[in-house]
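Visitor: If you scroll down you'll find the structure; I have some questions about it.
The values are calculated or read from the model by the stated rules, or taken from the named source; none is laboratory data. Computed from a predicted structure; not experimentally measured. Because the Cβ atoms are built from the backbone with ideal geometry, glycine has one as well, and the counts that use them run over all protein chains shown. Surface accessibility is based on the protein's heavy atoms, side chains included, excluding ligands, DNA and RNA. Shrake-Rupley method; radii C 1.70, N 1.55, O 1.52, S 1.80 Å.
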Amino acid sequence: MSREIILYIATSVDGFIAKENDDLQWLEEAEVEGDAGYSDMYQSIDTIIMGKRTYDYVIEHTETFPYPDKKCYVFSSTLRGKNEHVEFVNEDVVAFSKKLREQEGSKIWMVGGADILDAFMKEQLIDELIITITPHLLGTGIPLFKGKNPYQDLKLVNTQRYGQMVQMHYMVMKEA
């Protein structure tokens, strides 16, 4: 049995997860009711993976590390070893994640960023997508999905409104 990798992410109506300079101020100022299902998603995982740019953003914009109770891997070509919260991974993200899926544990949250998500989409490693659409048109920025991804069937599990945001929860239909 393989562990599932989930994508839980917010995007603008026109499909951007950040402005070109990694600015997320628009997202932080968005009106939302409750936590947009974050607590439920967070309790379903025991492992987090993210890229170095995403990690740097988290460190710069939070007072305390937000995932202290989860195993957290950060993919980096420059940082090595580990600190009190994360282990830096210097190997191929796809190969490492495939091995991680085979280990015992709960779901794995692929936090970001765009390059890791693109690699995961190309290899069809995402099992569950929880995408929250925010009431913004950014016009330009970092797209949620880059081009030329393989075709995949999705099954809509749920939709939920959180104030001005709408969340869509999909499962990826795997071929038998």
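Visitor: Only one of these is farther than 18 Å from Thr54 by Cα and surrounded by 15 or more Cβ atoms within 10 Å (Cβ to Cβ): Lys99, Lys107, Lys70. Name it.
Guide: Lys107
Visitor: Another question, then. Among the candidates Asp46, Asp22, Asp56, single out the residue that is at positive phi, of a type outside the set (Ser, Thr, Tyr) and out of contact with any strand residue (DSSP E or B) (no Cβ under 6 Å at 6 or more places or on another chain). Spell out the reasoning first.
Guide: Values: Asp46 fails: at positive phi; Asp56 fails: at positive phi.
None of the others qualify; the one that does is Asp22.
Visitor: Could you tell me which of the residues Glu175, Glu128 is of a type in the set (Asp, Glu) and open to solvent by 30 Å² or more (accessible area, probe 1.4 Å)?
Guide: Among Glu175, Glu128, only Glu175 is of a type in the set (Asp, Glu) and open to solvent by 30 Å² or more (accessible area, probe 1.4 Å).
Visitor: Okay, moving on. Taking segment 96-148 as the region of interest, how many residues are polar (S, T, N, Q) and either farther than 16 Å from Ile45 by Cβ or touching a Cys at 6+ places or on another chain (Cβ under 9 Å) (or both)?
Guide: 4
Visitor: Filter segment 59-87 down to the residues that are among the hydrophobic types (A, V, I, L, M, F, W, C) and under 17 Å from the mean Cα position of the chain (by Cα), then identify the one that is nearest to Ser44 (Cα to Cα).
Guide: The residue in question is Cys72.
Visitor: Please pick out the residue among Gly112, Gly81, Gly141 that is open to solvent by less than 50 Å² (accessible area, probe 1.4 Å), in contact with a Lys or Arg (Cβ under 6 Å, 6 or more places away or on another chain) and not hydroxyl-bearing (Ser, Thr, Tyr).
Guide: Of the residues listed, the single one that is open to solvent by less than 50 Å² (accessible area, probe 1.4 Å), in contact with a Lys or Arg (Cβ under 6 Å, 6 or more places away or on another chain) and not hydroxyl-bearing (Ser, Thr, Tyr) is Gly141.
Visitor: Still on this model: Taking the options Thr47, Thr11, name whichever one is in contact (Cβ under 8 Å) with a residue 24 or more places away in the chain, of a type outside the set (Phe, Trp, Tyr) and closer than 17 Å to Phe120 by Cα. Please lay out each step first, then the result.
Guide: Details: Thr11 fails: closer than 17 Å to Phe120 by Cα.
Only one candidate passes the filter, namely Thr47.
Visitor: Search segment 23-40 for residues that are open to solvent by 40 Å² or more (accessible area, probe 1.4 Å) and pair each with any residue that is small (Gly, Ala, Ser) when their beta-carbon atoms are under 6 Å apart and the residues are at least 6 apart or on different chains.
Guide: Every condition considered, the pairs that remain are Leu27/Ala10; Glu31/Gly163; Val32/Gly163; Glu33/Gly163.
Visitor: Output the residue which, of all residues in segment 144-169 that are among the basic types (Lys, Arg) and open to solvent by 80 Å² or more (accessible area, probe 1.4 Å), is modelled with the highest pLDDT. Please lay out each step first, then the result.
Guide: First, the residues of segment 144-169 that are among the basic types (Lys, Arg): 146, 148, 155, 161.
Those still in the list that are open to solvent by 80 Å² or more (accessible area, probe 1.4 Å) too: 148, 155, 161.
Details: Lys148: 92, Lys155: 98, Arg161: 95.
Result: Lys155.
Visitor: For the structure I just gave you, tell me whether Lys122 is closer than 24 Å to Ser12 by Cβ, open to solvent by 70 Å² or more (accessible area, probe 1.4 Å) and either among the basic types (Lys, Arg) or at pLDDT 95 or above (or both).
Guide: Taking the combined requirement at face value, the residue satisfies it.
Visitor: Any residue that is hydrophobic (A, V, I, L, M, F, W, C), surrounded by 15 or more Cβ atoms within 10 Å (Cβ to Cβ) and at pLDDT below 90 - is there at least one of those in segment 45-54?
Guide: no
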